[in-house]
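See structure below.
Please treat every number below as a calculation from the coordinates, not as lab data. Please read all numbers here as calculations on a predicted model, not as lab measurements. Because the Cβ atoms are built from the backbone with ideal geometry, glycine has one as well, and the counts that use them run over all protein chains shown.
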Amino acid sequence: MDVKTVCLGMLTEGEASAYDLKKTLESSFGHCFAAGYGSIYPALDTLADSGCVDCEEIPHQGKPDSKV
């Protein structure tokens, strides 16, 4: 299974940022499937470019905006 499929599956549960997805991966089945930000962000970009997911930027004061 690839990172795009795993991310898409997790997003069926609700919206999440890459940070949220990584934490869920680590806590649920990280012992058998490891994925870092270096693979999660490109997977999410590919999913967004193909129209499978939508992305919304959430502004934060004093720290970078997050994409959900």
Worksheet, complete the sentence: Lys and Arg at +1, Asp and Glu at -1: neighbours of residue 35 with Cβ under 15 Å from its Cβ sum to -1
Worksheet entry | Amide H within-cut-off set for residue 66, under 5 Å, with H built and near neighbours excluded | 58, 60
Worksheet item: Based on the Cβ-Cβ distance from residue 29 to residue 49, what FRET efficiency comes out when R0 is 22 Å, to the nearest 0.05?
Response: 0.25
Worksheet item: If R0 is 35 Å, what FRET efficiency do you get for residue 2 and residue 57 from their C-beta distance, rounded to 0.05?
Response: 0.85
Worksheet entry | Dipole magnitude of the chain about its Cα centre (Cβ charges: Lys, Arg +1; Asp, Glu -1), debye to nearest 20 | 260 debye
Fill in: Computed over the stretch 14-68: relative contact order in percent, which uses C-alpha pairs under 8 Å that are six or more apart
34 percent
